[in-house]
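Before any comments, here is the structure.
The values are calculated or read from the model by the stated rules, or taken from the named source; none is laboratory data. It should be emphasised that the depicted structure is a prediction, and the values quoted were computed from it without experimental measurement. Cβ: placed from backbone, ideal geometry, glycine included. Neighbour counts: every protein chain shown. We work out accessible area using only protein heavy atoms, side chains counted, and drop any ligands, DNA or RNA first. Shrake-Rupley method; radii C 1.70, N 1.55, O 1.52, S 1.80 Å.
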Amino acid sequence: GVIRADNFEALFDYATALAMQPLPKGDRIAVITNAGGPGIMAADAVETLNMRMEDLTPEIAEAIKAKLPSAASVGNPIDVLGDADHARYAMALEATLADPLVDAVIVILTPQAMSDPSATADAIIKVAHGEKPVLACFMGGSEVMEARRNFVEASVPDYPSPERAVAAMKAMVDYALWLNCPP
């Protein structure tokens, strides 16, 4: 039942996720992002760590697509586009968490000129308290510091890179699988 951490940084990443979020029921991960590159980095990491990037159910995908600009993507990763405000993130996260094909969600934000990281973090926090784990990856420096503080206070783990968020999710998936093994 040991979850191995290869370094000190990973140890704390995993412990934070395990302490702050519920365990996933499976390994089907959804990624919501406002930037294609970090979304693909997360998707690649999910697949490298032998988890699954499932497509959303058609009903959920259509519901999200109807509320996003036409250039947005509702494939997994879900790209809410660079001009996404906090309401767009909240809508996408709420719908994704309702999807029966999704066991856990990673939400990525890269600060853009029109981004409000703090308001986006607060919107995610309001939606993220349920049965499925939500991990955040707010990339950047001083422009995301307030958002990171908000996440810590609300027990939503935030990671500086998509790969670290995915690795923490893998630790959660592995631990949940071990707990569900027969005695």
Practice problem: Would you please put 15-21, 62-68, 31-37 in order of how densely packed they are, using the mean number of other Cβ atoms within 10 angstrom per residue and starting with the highest? | Solution: 31-37, 15-21, 62-68
Quiz item: Which angle between 0 and 90 degrees, to the nearest 10, do you get for helix 117-127 versus the longest principal axis of the chain when only C-alpha atoms count?
Solution: 60
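Give the relative contact order (percent, whole number) for the chain; include only Cα pairs under 8 Å separated by 6+ residues.
On the way: 354 pairs, mean separation 55.6, N = 183.
Relative contact order, the chain: 30 percent.
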Exercise. Would you calculate a helix-derived [θ] at 222 nm for the chain, using -39,500 (n - 2.57) for each DSSP H run of n ≥ 4 and dividing by the full residue count, to the nearest 500?
Key: -14500 deg cm²/dmol
Practice problem: Could you tell me, in Å, what Rg and Dmax come out for the Cα atoms of segment 79-156? | Solution: 11.7, 36
Exercise. Taking H placed 1.01 Å from N in the peptide plane, check which residues at least 5 places from Phe138 or on another chain put their amide H under 5 Å from its amide H.
Key: Leu109, Tyr159
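Antiparallel versus total DSSP beta bridges in the chain: what percent is that, nearest 5?
Numbers: 1 of 15 bridges.
Restricted to the chain, the bridges split so that about 5 percent are antiparallel.
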Self-check item: HN-Hα J in Hz across segment 4-17 - Karplus 6.51, -1.76, 1.60, θ = phi - 60°, x for Gly and Pro
Solution: 7, 10, 7, 7, 4, 4, 5, 4, 6, 4, 5, 4, 4, 4
Exercise. Express the Stokes-Einstein translational diffusion coefficient of the chain in µm² s⁻¹, to the nearest whole number, given a Kirkwood radius over alpha-carbon pairs, 25 °C and a viscosity of 0.890 mPa s.
Key: 153
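Would you please classify the overall shape of segment 123-177 from the alpha carbon gyration tensor, given that a ≥ b ≥ c denote the square roots of the eigenvalues, rounded means a/c under 1.5, and beyond that prolate means a/b larger than b/c while oblate covers the rest?
Details: a/c = 2.80, a/b = 1.37, b/c = 2.05.
Oblate.
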Quiz item: Using a simple charge model, +1 on the beta-carbon of Lys and Arg, -1 on the beta-carbon of Asp and Glu, nothing else, what dipole does segment 1-79 show about its Cα centre, in debye to the nearest 20?
Solution: 200
Exercise. Can you grab the distance from the C-alpha centre of segment 39-62 to the C-alpha centre of segment 101-172, Å, no decimals?
Key: 17
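Carbon and sulfur: what percent of the chain's accessible surface (1.4 Å probe)? Show your work: numbers first, answer last.
On the way: 4800 of 8660 Å².
Of all accessible area on the chain, carbon and sulfur atoms account for 55 percent.
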Quiz item: Using +1 on the beta carbon of Lys and Arg, -1 on that of Asp and Glu, and nothing else charged, what's the dipole of the chain about the Cα centre, debye to 20?
Solution: 240
